[in-house]
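Notes to accompany the following structure.
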Amino acid sequence: MANRSEESDADKRKPTSGDVSSAESKPSNFIREIIDKDLERGKNDSRVHTRFPPEPNGYLHIGHAKSMCVNFGIAEDYKGLYNLRFDDTNPVKEDTEYVDSIMEDIRWLGFDWEDRLYYASDYFDQLYEWAIKLIKDGKTYVDDLSAEQIREHRGTLTEPGKESPYRNRSVEENLDLFQRMKAGEFPDGSRVLRAKIDMAAGNLNMRDPVMYRVLHASHHRTGDKWCVYPMYDWAHGQSDSIEGITHSLCSLEFEDHRPLYDWYLDQLGVFHPQQIEFARLNMNYTVMSKRKLRVLVEEGHVDAWNDPRMPTLSGMRRRGYLPQSIRRFLDKVGVAKRDSVVDIALLEHCVREDLNIAAPRVMAVLKPLKVVIENYPEGQVEELAAINNPEDESMGVRTIPFSREIYIERDDFREDPPKKFFRLSPGKEVRLKHAYFIKCERVVKDDKTGEITELRCTYDPQTKSGEAHDGRKVKGTLHWVSCDHAVPAEVRIYNNLFTVESPDDSEDFRQHINPQSLEVVSGCQMEPNLKDVKPGERFQFLRHGYFCVDSVDTTPDKPVFNRTVSLRDTWAKIEKAQKGEANQK
RNA sequence: UGGGGCGUCGUCAAGUGGUAAGACACCAGCCUUUGGAGCUGGCAUUCCCAGGUUCGAAUCCUGGCGCCCCAGCCA
């Protein structure tokens with residue numbers, strides 16, 4: 001399959017339904033209603049301009065993708081604009097490695113910020129000037145209290161705070177001190193600039209919030225220019241204002257920051273964007289906080305940020321998810337204000353839906369069991385035609401070699417078959433996909449271990465290509481691979497990263513890491529068409545699931561396949577139910 | 001007697017005073033050379049609870065109850 005281009009055509013192929021680009025197909029939500037009203041009133045000259053403001057301190061995960069779909073998606077639908085803005089106000093945690101990965105992930109999802117790439121650090125000078133203005137207006141002050149003292153003065157959730165003894169310094173002294181903070185005259189943590197608001201406010205964010213801290217840290221963009229760095233609240237709203245953002249859509253935990261967001265903008269008297277909050281994405285069987293994902297990476301529970309088990313965009317990409325599947329998933333999830341946990345089965349459903357259309361079918365035996373077809377001529381090889389995708393005839397037909405010795409899936413044979421097992425067992429007949437009917441005549445076992453080593457079967461020459469000449473039916477159809485022509489490969493089966501639905505609920509989320517989240521299957525045997533696959537190529541392994549060639553560990557002589565998602569497995573369900581019944585008795 | 005939010009099917013989620021959309025999951029059946037895909041049908045007499053207003057309430061009012069977020073010089 002060397003003629004297939006890298007990253008494969010699948011990435012470009014349209015999904016069957018639910019085209020994400022048509023605004024009409026998207027259900028409304030409370031944010032769209034707010035925007036509709038703003039537009040009716042002609043607010044902001046009827047502009048819609050949003051932004052996505054990641055902090056470059058980690059890789060993007062699917063929760064960020066939701067934020068993008070909300071911010072960017074809404075701007076697109078309203079024919080507005082959207083900016084990418086790195087919220088880089090804390091140099092000790094941030095790194096250019098992350099800005100690169102973030103941009104790659106956003107592009108992969110299909111969003112284009114064109115020339116509107118910004119950094120909060122672009123505004124450090126403006127922010128500084130504005131801070132000077134607020135000092136002159138008597139609205140802020142330099143506080144000499146230590147971090148611990150500030151905490152003590154803040155009060156508690158139920159008790160008001162106390163004013164700092166430095167709260168009423170003169171404008172001149174504040175100006176002098178702040179300028180010297182900027183110049184680097186004071187050590188880290190020695191002084192902060194605070195807004196003078198209300199130490200008795202019920203909302204703790206309004207109890208004289210810190211605007212600047214002294215940090216003698218080198219910034220990935222501004223170098224050593226600054227010894228003071230703005231806090232999130234002071235930087236964010238003003239950045240939105242500078243960029244002319246009309247609707248600043250963020251997650252729920254910022255709801256009680258909104259009064260402060262508004263306060264700064266009002267004191268400055270500058271353009272005032274509107275902050276609107278929505279619930280962030282949660283999914284079961286995974287974690288969605290950067291902190292926890294970082295722990296997984298740093299403690300080696302997964303290989304890297306792009307480990308296919310991670311809910312990161314880079315992980316999902318490596319696993320073989322199509323970006324449009326993620327977008328469609330997020331559209332289905334919707335946008336609301338209530339906390340919720342989305343079933344990961346919905347994501348997998350969306351992934352299957354696209355791959356079903358896009359992925360060519362292929363036969364791969366993961367756990368081989370040798371079958372010798374005793375009445376098939378030795379040395380004979382037939383090239384059998386096989387359709388590449390029954391969902392899309394334009395994907396054509398390929399040819400597969402058939403011979404006397406083949407591999408079938410070990411799980412497809414049972415010496416003592418349970419009820420409703422219509423695969424192969426002694427004396428039973430099944431169809432080999434695209435080939436012949438075979439019947440199991442004899443089971444060969446290892447004398448010592450008793451392990452089944454080989455099946456001796458016969459075939460019916462009059463069932464070529466899987467159709468019976470006499471109209472007789474077989475219930476089971478197996479996939480197979482000719483021994484002499486098979487290409488060996490490694491397959492990685494991924495399962496949920498956690499064994500419980502909400503690992504967040506427990507004391508230590510790590511105790512619920514699924515020991516079977518990765519199952520490496522080596523010695524797999526694949527049809528010869530899979531000889532020269534390229535990283536990123538996707539296939540459906542018949543009766544198994546969707547797989548994609550790993551982009552990290554694949555080498556020219558040893559392909560590695562990641563299982564993107566399994567096929568729905570009705571038999572597994574039946575068998576599980578049968579076992580359940582057996583245990584009841 | 002802090003502040004801010006939120007409660008509609010197992011899970012998401014529409015619904016904006018006119019008699020509970022849709023999706024996933026689940027169940028049953030049809031079809032099938034993937035136990036895949038597809039197709040058909042089932043799946044909230046009731047919207048956290050209790051009162052009230054109304055001809056009519058998930059929607060309005062009152063009072064409860066429950067859940068989430070906030071005490072970083074993180075974002």
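The values are calculated or read from the model by the stated rules, or taken from the named source; none is laboratory data. Because the structure is a prediction, the values reported are computed rather than measured. Positions of Cβ are backbone-derived with ideal geometry, glycine not excepted, and every protein chain shown enters the neighbour counts. These area figures cover heavy atoms from the full protein model, side chains too; ligands, DNA and RNA do not enter into them. Shrake-Rupley method; radii C 1.70, N 1.55, O 1.52, S 1.80 Å.
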Taking the stretch A:336-369, which residues are part of a loop (DSSP other than H, G, I, E, B) and either within 6 Å of RNA strand B (Cβ to nearest atom) or hydrophobic (A, V, I, L, M, F, W, C) (or both)?
-> A:ALA336, A:LYS337, A:ARG338, A:ASP339, A:SER340, A:VAL341, A:ASP343, A:ALA359, A:MET363, A:LEU366
Among the numbered conditions (1) closer than 30 Å to A:ILE35 by Cα; (2) part of a helix (DSSP H, G or I); (3) open to solvent by 20 Å² or more (accessible area, probe 1.4 Å), tell me where A:GLU172 comes up short.
-> (1)
In the stretch A:343-377, the residues that are farther than 30 Å from A:ASP460 by Cα and open to solvent by 20 Å² or more (accessible area, probe 1.4 Å) = A:ASP343, A:ILE344, A:ALA345, A:LEU346, A:GLU348, A:HIS349, A:ARG352, A:GLU353, A:ASN356, A:ILE357
Any chance you could count how many residues in the stretch A:384-420 are free of Cβ contacts under 8 Å to residues at least 40 places away in the same chain and within 28 Å of A:ALA577 (Cβ to Cβ)?
-> 4
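Could you list, in sequence order, the residues of the stretch A:411-455 that are among the basic types (Lys, Arg), part of a loop (DSSP other than H, G, I, E, B) and under 28 Å from A:ALA386 (Cβ atoms)?
Of all residues in the stretch A:411-455, those among the basic types (Lys, Arg) come to A:414, A:419-420, A:423, A:428, A:431, A:433, A:439, A:442, A:445, A:448.
Narrowing the set further to residues that are part of a loop (DSSP other than H, G, I, E, B) leaves A:414, A:419-420, A:423, A:428, A:433, A:448.
A:ARG414, A:LYS420, A:ARG423, A:LYS428, A:LYS433, listed by residue number.
May I ask you to say which residue of A:HIS434, A:HIS469, A:HIS479 is within 15 Å of RNA strand B (Cβ to nearest atom) and on the phi > 0 side of the Ramachandran plot? First the steps, then the outcome.
Numbers: A:HIS469 fails: on the phi > 0 side of the Ramachandran plot; A:HIS479 fails: on the phi > 0 side of the Ramachandran plot.
Result of the check over A:HIS434, A:HIS469, A:HIS479: A:HIS434.
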Test A:THR140 against the criterion of being within 15 Å of RNA strand B (Cβ to nearest atom) and either over 20 Å from A:GLN267 (Cβ atoms) or without any contact (Cβ under 8 Å) to a residue 24 or more places away in the chain (or both), and give yes or no.
-> no
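Anything in the stretch A:145-169 that is open to solvent by 40 Å² or more (accessible area, probe 1.4 Å) and more than 17 Å from A:ALA200 (Cβ to Cβ)? List them, or say none.
In the first step, residues of the stretch A:145-169 are kept if they are open to solvent by 40 Å² or more (accessible area, probe 1.4 Å); the result is A:146-149, A:151-152, A:154, A:156-160, A:162-163, A:165-166, A:168.
A:SER146, A:ALA147, A:GLU148, A:GLN149, A:TYR166 - these are the residues of the stretch A:145-169 that are open to solvent by 40 Å² or more (accessible area, probe 1.4 Å) and more than 17 Å from A:ALA200 (Cβ to Cβ).
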Given the conditions (1) without any contact (Cβ under 8 Å) to a residue 60 or more places away in the chain; (2) surrounded by 18 or more Cβ atoms within 10 Å (Cβ to Cβ), report the number of the one that A:ALA65 does not fulfil.
-> (1)
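Restricting attention to the stretch A:282-310, and to residues there that are charged (D, E, K, R), in contact (Cβ under 8 Å) with a residue 40 or more places away in the chain and part of a helix (DSSP H, G or I), which single residue is most open to solvent (accessible area, probe 1.4 Å)? Step through it out loud before you land on a result.
The initial filter retains those residues of the stretch A:282-310 that are charged (D, E, K, R), namely A:290-292, A:294, A:298-299, A:303, A:307, A:309.
Checking which are in contact (Cβ under 8 Å) with a residue 40 or more places away in the chain leaves us with A:290, A:292, A:294, A:299, A:309.
Narrowing further to those that are part of a helix (DSSP H, G or I): A:290, A:292, A:294.
Details: A:LYS290: 42, A:LYS292: 34, A:ARG294: 61 Å².
That would be A:ARG294.
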Filtering the stretch A:257-277 down to residues that are more than 10 Å from RNA strand B (Cβ to nearest atom) and acidic (Asp, Glu), which residue is least open to solvent (accessible area, probe 1.4 Å)?
-> A:ASP262
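In the stretch A:378-401, how many residues are in a strand (DSSP E or B) and more than 37 Å from the chain's Cα centre (by Cα)?
Restricting attention to the stretch A:378-401, the residues satisfying the condition of being in a strand (DSSP E or B) are A:382-387, A:397-401.
With more than 37 Å from the chain's Cα centre (by Cα) added as a condition, the list becomes A:382-385, A:401.
The number of residues fulfilling the criteria is 5.
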Name the one entry in A:LYS558, A:LYS576 that is basic (Lys, Arg), away from RNA strand B (no atom under 16 Å from the Cβ) and out of contact with any Phe, Trp or Tyr (no Cβ under 7 Å at 6 or more places or on another chain).
-> A:LYS558
Counting only residues that are closer than 26 Å to A:ASN282 by Cβ and open to solvent by less than 40 Å² (accessible area, probe 1.4 Å), which one in the stretch A:246-256 is farthest from RNA strand B (Cβ to nearest atom)?
-> A:HIS247
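Please verify whether the stretch A:323-335 includes one or more residues that are surrounded by fewer than 17 Cβ atoms within 10 Å (Cβ to Cβ), within 10 Å of RNA strand B (Cβ to nearest atom) and either at pLDDT 95 or above or assigned to a loop (DSSP other than H, G, I, E, B) (or both). Talk me through it step by step, then tell me what you get.
At the first step, the residues of the stretch A:323-335 found to be surrounded by fewer than 17 Cβ atoms within 10 Å (Cβ to Cβ) are A:332, A:334.
Still in the running and within 10 Å of RNA strand B (Cβ to nearest atom): A:332, A:334.
This time we only want the ones that are either at pLDDT 95 or above or assigned to a loop (DSSP other than H, G, I, E, B) (or both), so: A:332, A:334.
Looking through the stretch A:323-335, at least one residue is surrounded by fewer than 17 Cβ atoms within 10 Å (Cβ to Cβ), within 10 Å of RNA strand B (Cβ to nearest atom) and either at pLDDT 95 or above or assigned to a loop (DSSP other than H, G, I, E, B) (or both).
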For A:LEU424, state whether it is open to solvent by less than 10 Å² (accessible area, probe 1.4 Å), more than 9 Å from RNA strand B (Cβ to nearest atom) and under 14 Å from A:GLY476 (Cα atoms).
-> yes
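Has the stretch A:204-213 got at least one residue that is without any contact (Cβ under 8 Å) to a residue 24 or more places away in the chain and out of contact with any Phe, Trp or Tyr (no Cβ under 8 Å at 6 or more places or on another chain)? Spell out the reasoning first.
Pass one, the stretch A:204-213, residues without any contact (Cβ under 8 Å) to a residue 24 or more places away in the chain: none.
Scanning the stretch A:204-213 turns up no residue that is without any contact (Cβ under 8 Å) to a residue 24 or more places away in the chain and out of contact with any Phe, Trp or Tyr (no Cβ under 8 Å at 6 or more places or on another chain).
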Only unsatisfied item for A:SER218, checking (1) touching a strand residue (DSSP E or B) at 6+ places or on another chain (Cβ under 7 Å); (2) more than 7 Å from RNA strand B (Cβ to nearest atom); (3) within 18 Å of A:ASP88 (Cβ to Cβ); (4) of a type outside the set (Phe, Trp, Tyr), is (1)
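Just for the stretch A:74-93: of the residues that are within 16 Å of RNA strand B (Cβ to nearest atom) and free of Cβ contacts under 8 Å to residues at least 60 places away in the same chain, which one is surrounded by the fewest Cβ atoms within 10 Å (Cβ to Cβ)?
First, pick out the residues of the stretch A:74-93 that are within 16 Å of RNA strand B (Cβ to nearest atom): A:74, A:77, A:83-93.
Now narrow it down to the ones that are free of Cβ contacts under 8 Å to residues at least 60 places away in the same chain: A:77, A:84, A:86, A:93.
Values: A:ASP77: 17, A:LEU84: 23, A:PHE86: 24, A:LYS93: 13.
Across the stretch A:74-93, the extreme among qualifying residues is A:LYS93.
Does A:ILE102 satisfy being within 16 Å of RNA strand B (Cβ to nearest atom), within 37 Å of the chain's Cα centre (by Cα), modelled with pLDDT of 95 or more and at negative phi? Full working, then the answer.
Details: within 16 Å of RNA strand B (Cβ to nearest atom): yes; within 37 Å of the chain's Cα centre (by Cα): yes; modelled with pLDDT of 95 or more: yes; at negative phi: yes.
When the stated conditions are applied, A:ILE102 passes them.
Looking at A:ILE406, is it assigned to a strand (DSSP E or B), open to solvent by less than 10 Å² (accessible area, probe 1.4 Å), in contact with a Leu (Cβ under 6 Å, 6 or more places away or on another chain) and among the hydrophobic types (A, V, I, L, M, F, W, C)? Step through it out loud before you land on a result.
On the way: assigned to a strand (DSSP E or B): yes; open to solvent by less than 10 Å² (accessible area, probe 1.4 Å): yes; in contact with a Leu (Cβ under 6 Å, 6 or more places away or on another chain): no; among the hydrophobic types (A, V, I, L, M, F, W, C): yes.
Taking the combined requirement at face value, the residue does not satisfy it.
Any residue that is among the hydrophobic types (A, V, I, L, M, F, W, C) and under 23 Å from A:PHE271 (Cα atoms) - is there at least one of those in the stretch A:211-229?
Here is the first cut: in the stretch A:211-229, the residues among the hydrophobic types (A, V, I, L, M, F, W, C) are A:211, A:214-215, A:217, A:226-228.
With the extra rule that they be under 23 Å from A:PHE271 (Cα atoms), the set shrinks to A:211.
Within the stretch A:211-229, one or more residues are among the hydrophobic types (A, V, I, L, M, F, W, C) and under 23 Å from A:PHE271 (Cα atoms).
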